[in-house]
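The values are calculated or read from the model by the stated rules, or taken from the named source; none is laboratory data. All of these numbers come straight from a predicted model, not from anything done at the bench. Ideal geometry is used to build each Cβ from the backbone, glycine not excepted, and the neighbour counts take in all protein chains shown.
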Amino acid sequence: MNASLKRLLTGTALLAGLLTAIFSAGCASPPPVNGNLSDQPALSNWHLTELYGDPVKTRPVPTLSLYASEGGKNVGNTGINSFSFEFVETDGKLKAGPITTTKMASSPEMTETEGVFLAALEEMTSWRIGPGTLEIISHQGVIAKFSKNPPLPPGTTASR
């Protein structure tokens, strides 16, 4: 795991400060790559494959279902907890509203992945869809990648 990823996990105080800065600074965010949210279909059952440039190795992997309309509930699972949030769109700019999660415990690795994943959702300013892929984008660039196909268990390969 790279050093920048570990810095994101320094605690809830850092996360709270980051979120406060993002939402209170009034930073302009680019419009969603694929147009206005209200023009998009539901994007359901995506499986997280990469987070801040690192492959996701924990199992089960986090999942995400986007219901791309203002005020629509977006849902998923971090691999530990279920979560939901609503999009807030202003002048074509995308933000994730407050994220609500259940409060289950798990292994340190799963808990670490969960914290970084939820932070990435909070940073999201737009998204991009490709053939079988979904990318979450922030001011840093692509911060999370998803696939429509569930990942294989670690140490296995696809058979043809």
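Looking across region 31-50, not a single residue is aromatic (Phe, Trp, Tyr) and at pLDDT below 60.
Exactly one residue among Gly92, Gly53 is modelled with pLDDT under 90, surrounded by fewer than 17 Cβ atoms within 10 Å (Cβ to Cβ) and not charged (D, E, K, R), and that residue is Gly92.
Condition test on Gly97, is it at pLDDT below 90 and surrounded by 12 or more Cβ atoms within 10 Å (Cβ to Cβ)? When the stated conditions are applied, Gly97 passes them.
Among all positions in region 67-76, there is no residue which is at pLDDT 90 or above, out of contact with any helix residue (DSSP H, G or I) (no Cβ under 7 Å at 6 or more places or on another chain) and assigned to a loop (DSSP other than H, G, I, E, B).
Scan region 130-150 and give yes if some residue there is modelled with pLDDT of 85 or more, buried (at least 16 other Cβ atoms within 10 Å of the Cβ) and in a loop (DSSP other than H, G, I, E, B), otherwise no. No, the conditions are met nowhere in region 130-150. Residue selection: Val116 fails the criterion of being modelled with pLDDT under 90, over 15 Å from Ser65 (Cα atoms) and surrounded by 15 or more Cβ atoms within 10 Å (Cβ to Cβ).
For Thr111, the conditions (1) of a type in the set (Val, Ile, Thr); (2) in a helix (DSSP H, G or I); (3) over 20 Å from Leu51 (Cα atoms) are fulfilled apart from (3).
Number of residues in region 119-129 that are among the β-branched types (Val, Ile, Thr) and either modelled with pLDDT of 90 or more or in a loop (DSSP other than H, G, I, E, B) (or both): the value is 1.
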